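Have a look at the structure below before the remarks.
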Amino acid sequence: MRDLVAVLAKHGNLDRFGLCLLHDHFPIAADEVLVETNDPQARTLHAHVEKADGTGHSKASQWRFVPHADLGADATAEGALYRVIQLCTPLDLCPKRAHEHGVG
């Protein structure tokens, strides 16, 4: 944990990123993505599956690292190290940096 905190602090992202347990409640195909929306008045969060190439949501909010053994020959290509598994949109109040909320 100390190493992760040090990297986040080095890049000024302690208020932007955290750590969560990745787990699956249901399978999501390689061409699908989980989409996060919310209702700020009801203070509820909603998630549903959409086709990755057909979603209107654009901001990645969760990523899953790809094990090195699964990367094959091009293990350093951008995007090969992780898979976006959840998207949101800033219009749905997707989490923003503190300065985007007018804080700090």
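The values are calculated or read from the model by the stated rules, or taken from the named source; none is laboratory data. This is a predicted model, so every value here is computed, not measured. Don't worry about glycine lacking a Cβ; one is built from the backbone with ideal geometry, like all the others, and counts go over all protein chains shown. Heads up: the accessible areas ignore ligands, DNA and RNA and are worked out on the full protein's heavy atoms, side chains in. Shrake-Rupley method; radii C 1.70, N 1.55, O 1.52, S 1.80 Å.
Before moving on, here are some points about what is shown:
- Scope segment 2-48; condition open to solvent by 60 Å² or more (accessible area, probe 1.4 Å) and on the phi > 0 side of the Ramachandran plot; matching residues: Arg43
- Restricting attention to segment 46-75, the residues that are modelled with pLDDT of 75 or more and acidic (Asp, Glu) add up to 2.
To keep it simple, each residue is scored yes or no on (1) more than 15 Å from the chain's Cα centre (by Cα); (2) farther than 12 Å from Cys88 by Cβ; (3) not aromatic (Phe, Trp, Tyr).
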| residue | (1), (2), (3) |
| --- | --- |
| Arg2 | yes, yes, yes |
| Ala9 | yes, yes, yes |
| Glu32 | no, yes, yes |
| Thr37 | no, no, yes |
